[in-house]
Amino acid sequence: MIMTYVFPQPFSRNYESLLKRLKLRGMQPKTIESYSHGVRRAGAHFEYQIDNLSKDQLTDYFSQVLDQLSWSTLKHDLYGLKFYYAYVLEKHWPGAELTKAPKVSRLPDIVTVEQMQQIVNATRILSYRVFFLPCTAWAYAWVKVCSCRWAILIRIGCGCTFGMQKATGIGWCRCPPTR
């Protein structure tokens, strides 16, 4: 279902241009929706006068967005406005280096034996430790027997597989824990 919006001019004309340009640039429908939603949200905040925003205005706006919504929403709003300035207005984006999302650290895809020992030692729930130890011991023993030529997969309850390649470590599941 296509939503139609009524906006004052010239925002309406520029918004239509934004939608066309996003489509012509090969953006996916979800990306088009999130970018255009960010531009609509900024338009509503600035009374549809977003063609000449200053860095201070953008700083205040994105601070409010972050207070009310998530980093992900802020990023989509930011990217939508950057696209709007670059391809619709053909102007310099005044909010260069305005935000930086917090760094998220993840477990590596393949962990070493030492890293696996640290993970097991850091695990406080006994049943999880009981799960890790036989699985890793079995996987390492199996790789030794197979001359390290085959990848080993260990299927777990969430439906993911742990993969082990050439005895370098065991792949890690990125799924949220299931109950």
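Values in this text are rule-based calculations from the coordinates and carry no lab data. Predicted, not measured: the structure shown is a model, and the values here were computed from it. Reconstructed Cβ throughout: ideal geometry from the backbone, glycine too, with neighbour counts over all protein chains shown.
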### Task
Could you tell me which of the pairs Lys23/Lys55; Lys20/Lys75; Lys55/Lys75; Lys23/Lys100; Lys20/Lys82; Lys75/Lys100 are separated by over 18 angstrom between their Cα atoms in the structure shown?
Lys23/Lys55; Lys20/Lys75; Lys23/Lys100
### Query
For the range 23-37, in order, what is each residue's ³J(HN,Hα) by Karplus, 6.51 cos²θ - 1.76 cosθ + 1.60 with θ = phi - 60°, in whole Hz (x at glycine and Pro)?
5, 5, 7, x, 5, 6, x, 5, 5, 4, 5, 5, 5, 5, 5
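Please order Trp93, Trp71 by the number of other Cβ within 10 Å, starting at the fewest.
Fewest to most other Cβ atoms nearby, the residues stand as Trp71, Trp93.
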### Query
From a point 7 Å beyond the Cα of Asp56 in the direction of its Cβ, which residues of the range 79-97 have a backbone N at a distance under 18 Å?
94-96
### 5 angstrom amide H check on Thr123, placed H, neighbours 5+ away
none
